[in-house]
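Undergrad: What follows is a structure written as structure tokens; I'll ask about it next.
Laboratory data are not the source of any read-out in this text; all were calculated from the coordinates shown. Values in this document were obtained by computation on a predicted structure and should not be read as measured data. Every residue, glycine among them, receives a Cβ derived from its backbone with ideal geometry; neighbour counts consider all protein chains shown.
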Amino acid sequence: MTDPTTKAWIRNESDERAAAAGYRFDVSRAAYVVWWIENYCRLYEGEWAGEPMILRGCHEDLEGLPVTLSWDEGGKEESLLRAEIYAERFAAGEAVDWQYECTMRVFGWVGHSTRWGREVRRFRKSAVFVPKKSKKVLPWQHGAFTCWQGMESMDKRYFSEQRTAAKLATSPGSTQWKWSTKARTY
């Protein structure tokens, strides 16, 4: 039986399979990563250099961000409330940005590992490819979003201007991309 929090974060068939296989969404774990990034990471170039990196979620949730309270002194509660509001707005079909969604999904999905004897993340590796000028819109609305596991290291990436398919290339002399046959289906 899938718990309500996990149901709120299921986005596709792969997530449904993962939930059926015993994975769940740990919103506290994911919210901590977002809180940490927003409190300790800064933009390093351009006109916004030095400003905190804010992972945009819903378009209307910019007030009060980032959550600057310490995690143990109210930051956790505010971050969990933000995640709950975000999930409700996403379910209602509101427009959202990719930054918060992607970070929450990569770090929030967990499952029990018999090898390690504890919960581990579902995704050990991830890559997000976003076309230029897609800050305000979810990249998969343009059909040029890619996120997967089991990839080889990459030196360069570029996207087609037509927003059709993402084209990937490696540096000269190295082998072409190899899609891992060990990539999980969930």
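Undergrad: For segment 1-84, what relative contact order do you get, as a whole percent, if you take Cα pairs closer than 8 Å and at least 6 residues apart?
TA: Value for segment 1-84: 25 percent.
Undergrad: Subtract the Cα-Cα distance of A8 and F123 from 0.36 nm times their separation in residues, and report this length gain in nm to one decimal.
TA: My answer for the length gained is 39.6 nm.
Undergrad: Treat every Asp and Glu Cβ in segment 1-124 as -1 and every Lys and Arg Cβ as +1, leave all other atoms uncharged, and give the resulting dipole magnitude about the Cα centre to the nearest 20 debye.
TA: Dipole magnitude for segment 1-124 comes out near 880 debye.
Undergrad: Taking 0.36 nm per residue of separation and subtracting the Cα-Cα distance, what length does fully extending E73 through E16 add? It would help to have the intermediate numbers written out before the result.
TA: On the way: separation 57, 0.36 × 57 = 20.52 nm, distance 3.47 nm.
Between E73 and E16, full extension yields an extra 17.1 nm.
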